[in-house]
Amino acid sequence: MIEIRDVQVRLGKFTLRDINLKIREGEYFVILGPTGAGKTVILEAIAGLCRIRRGKIQINGEDATNMPPERRRIAYVPQDYALFPFLNVLENIRFGLKGKKQADADVDRRIDHLAHLLGISHLLERHVGNLSGGEKQRVALARALVTSPRILLLDEPLSNLDISTAKYLRLELERFHQELGITTVHVTHNLMEAEELADRIAIISAGKLEQVGTREDIFLSPCNETVSNFIGAPNILSCEKCSDLGHGLIEAVCGGVPIILPNEGREVRKIALFPRDIYVSAINPPGPSLNRFRGLVMKIEPFSSLARLKVKVGDNVLLAEMPKSAMEEMAIDVGREVYLIFKIRGIRIV
Amino acid sequence: MHTSRVYKGIRGEGVFRAATVGALALLCLFFTGILASLFTYTDWGTLVSTLFSREIFLAIRLSVVTATVATVISVLIGIPAAYAISHAEFRGKSVVDTILDLPIVVSPVALGAALLVFFNNPVGMGIEKYFMRFVFEVPGIVLAQFTVVSALSVRLMKTTFDSIDPRFEQVGRTLGCSKVSVFFRVTLPLARNGLIASCILTWARAVGEFGATITLAGAMKPKTETLPVAIFLSLSTADIEKAIAVIITLVAISAAALLVLRKIGKRGFPV
């Protein structure tokens, strides 16, 4: 278990303020926040790579605040993987084992096992400069895991990859974590990544920890506006009735509004609908009438280049977003009746 | 209107290109012209016989040996010093940086004169008496070269260390390396090409060092006659053929060093 108590780190003008966190044994913990929020600094503090001004870090009950990084048994995979360019793949993986009292056969067996698990057995003799992004990430993971660390720190592990590789590796990370059961702290700015992988999520903004909780906690009860805005200020709707429509679809009635969504095979009690996934129109647009509802504009608030509209639909008041220019063009104002279309792929069961 | 603007733009680009390429061609012509003029002054027979004379051989040997010793000492002190100035944060770092830059900008003659003055004060005289003689001696050549090139060496190596992403060292630490171990197992291998390039440039600069050398070690044939000193002595006795032979030797050594440097520069790591 990692326990971070009142930790403060100052790096130039940036300050990480009074961080308090408890990360459980074997947990997949995601630190989520915008760029420059201080996510990487938390990882560096856990790994012992930056100086802590104040506070305490305990790892498995042992005070690690002033422990040098090499004694913490924490593996760290940075955003760009930092594979040593003067070594080949196998030498990179072996790097952390040099000088350790282990029989060669044990070392070889461990490397074989990890290489097999990560699907890089065929790359061992290759030069790291000739690997793709996904391959580099797997090699970096193997290098990190071969030393049998007690904690794995991943800094934006999927952000340098193309969408399809990132999606595939997201599933793989989940599989590795299940197989190895290692406590993992994963830093990202990608909400979807956090949602899919995390047992628990910590939201950080401007060096301050805003909220820690499960995916449901964060979605259903964001503790403040910063969290709510960061996760996209989702509309949370309680479902009164749910019926299977066949063809992989279900109909959930929320506040008297029948919403159609993909059937994920689990009970629907609440759904989350992001303002960005609601299309607003002054006229009834052409096309299928799936998830199309009439509503009344209650309030309009500016939100950077967008406008946020509170629209009453059935018994629900929904938050929707649209560009200011489009709103002005369609002469949408408070008290006007509008049409809302919910993007079916944007509806999430929580 | 629009077409004319485009046309003017194209013409402007052409003028700009002609001006830049012209300046480059002028510089190349200037340098090659100077070097080519050397061959017009003397005939091949005299040149070859002078080149293979014993005096030139001794000057080459002295230059190569002293420059190599000065470079080795510069590198041995320069690597840790460059690492420290690149990585450590301390009060007065900018002052230290400026002190290190001084020998690069100060005239080598001034540095040589300062060394000469130093060996005339009690500490310097004590070193001369009980440790090693430098003034007008071969060790004086090494010391003069070291004084001029060590700062350059530190500056070049600092640039190499600065260019290394600290993440590599951080990952090394998390993989079980101490600070010292990370320096030898991660930092040095990453800096290898840059350090070799620094060594070559330092060595080439030491081979060509003249001002500080002649001031501290003098110009005694053949005792302290390095290649640049040989050029000076030949010119002072109006032995132009010999001066040309030495200049060609010096240019050849420098060109070889630069060729090796280019080769290293191209090697790099395929990251």
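Points worth noting:
- Dipole-positive endmost among B:Leu188, B:Ala67, B:Cys199 within the protein assembly as shown (Cβ charges, Cα centre): B:Ala67
- Cross-link table A:Lys22/A:Lys98; A:Lys100/A:Lys167; B:Lys93/B:Lys223; A:Lys13/B:Lys179; A:Lys98/B:Lys93; B:Lys93/B:Lys179, entries beyond 30 Å C-alpha to C-alpha: A:Lys22/A:Lys98; A:Lys100/A:Lys167; B:Lys93/B:Lys223; A:Lys98/B:Lys93
- Average silhouette area of the protein assembly as shown, convex hull of alpha-carbon atoms, in square nanometres: 44.0
- For the range A:214-350, the equivalent ellipsoid built from the Cα gyration tensor has semi-axes of 24, 19, 12 Å, listed from largest to smallest.
- Alpha-carbon spread of chain A, three principal axes, descending order, Å: 74, 47, 35
- When each of the peptides A:59-67, A:194-202 is scored by the mean number of other C-beta atoms lying within 10 Å of its residues, the order from highest to lowest reads A:194-202, A:59-67.
- Taking A:His177, A:His189, A:His113 in turn, the Gaussian network model of chain A (Cα-Cα springs below 10 Å) assigns the largest fluctuation to A:His113.
- Placing +1 on the Cβ of every Lys and Arg and -1 on the Cβ of every Asp and Glu, with no other charges, gives chain A a dipole of roughly 780 debye about its Cα centre.
- Placing R0 at 56 angstrom, the Cβ-Cβ distance between B:Phe118 and B:Leu24 gives a FRET efficiency of 0.80 after rounding to 0.05.
- q = 0.09 Å⁻¹, the range A:144-279: log10 I(q)/I(0) [Debye, one scatterer per Cα]: -0.36
- For the set A:Cys242, A:Cys50, solvent exposure ranked by accessible area (probe 1.4 Å, protein chains only) runs largest to smallest as A:Cys242, A:Cys50.
- Among A:Phe95, A:Leu340, A:Val185 the positive-end extreme of the charge dipole of the protein assembly as shown (Cβ point charges): A:Phe95
- For the Cα trace of chain B, dividing Rg by the Kirkwood Rh returns an Rg/Rh value of 1.08.
- Across the range A:185-235, Cα pairs under 8 Å and at least six residues apart give a relative contact order of 25 percent.
- Per residue, the protein assembly as shown exposes an accessible area of 50 Å² to a 1.4 Å probe, with every protein chain left in place.
- Partner shielding of B:173-186 amounts to 6, given as the average count of beta-carbon atoms from other chains within 10 Å of each residue beta-carbon.
- A simple charge model with +1 on the Cβ of Lys and Arg, -1 on the Cβ of Asp and Glu and nothing else charged puts the dipole of the range B:70-160 at about 80 debye relative to its Cα centre.
- Estimated distance in nm for a label pair at B:Met220 and B:Lys263, the labels positioned 7 Å out from Cα along Cα-to-Cβ: 3.9
- Evaluating 6.51 cos²θ - 1.76 cosθ + 1.60 at θ = phi - 60° for every residue in the range A:191-205, the Karplus couplings come out as 4, 5, 4, 5, 4, 6, 9, 6, 6, 9, 10, 10, 9, 10, 8 Hz, glycine and proline recorded as x.
- Per-residue extension of 0.36 nm, minus the Cα-Cα distance of A:Gln58 and A:Gln102, leaves a gain of 13.1 nm for this segment.
- Of the residues A:Arg150, A:Arg71, A:Arg110, the one that moves most in a GNM of chain A with alpha-carbon contacts below 10 Å is A:Arg71.
- Reference-scaled alpha-carbon Rg (2.2 N^0.38 Å with N residues) for the range A:214-277: 1.21
- Computed log10 I(q)/I(0) for the range A:9-157 at 0.12, 0.13 Å⁻¹: -0.57, -0.66, from the Debye equation with unit scatterers placed on every C-alpha and solvent omitted.
- Just checking the listed ones, A:Glu135, A:Glu156, A:Glu27: in the Gaussian network model of chain A with Cα springs under 10 Å, the one fluctuating most is A:Glu135.
- Taking the inverse of the mean reciprocal distance over all distinct Cα pairs, the Kirkwood hydrodynamic radius of the range B:147-256 comes to 16.7 Å.
- Its Cα centre serving as origin, the range A:221-287 has a Cβ charge dipole (Lys and Arg +1, Asp and Glu -1) of approximately 60 debye.
- Once the Cβ-Cβ distance of B:Ser94 and A:Arg266 is raised to the sixth power relative to R0 = 56 Å, the FRET efficiency obtained is 0.35.
- On the principal axes of its alpha-carbon atoms, the range B:108-154 has extents of 30, 18, 18 Å, going from largest to smallest.
- Binning the alpha carbon pair distances of the range A:118-185 at 10 angstrom intervals from zero yields the distribution 18, 55, 27, 0, expressed in whole percent.
The values are calculated or read from the model by the stated rules, or taken from the named source; none is laboratory data. On a predicted model such as this, the values are computed, not experimentally measured, just so you know. Methodologically, a virtual Cβ is constructed for each residue, glycine included, from the backbone with ideal geometry; neighbour enumeration extends over all protein chains shown. To get the accessible areas, we keep the full protein, side chains included, count just its heavy atoms, and leave off ligands, DNA and RNA. Shrake-Rupley method; radii C 1.70, N 1.55, O 1.52, S 1.80 Å.
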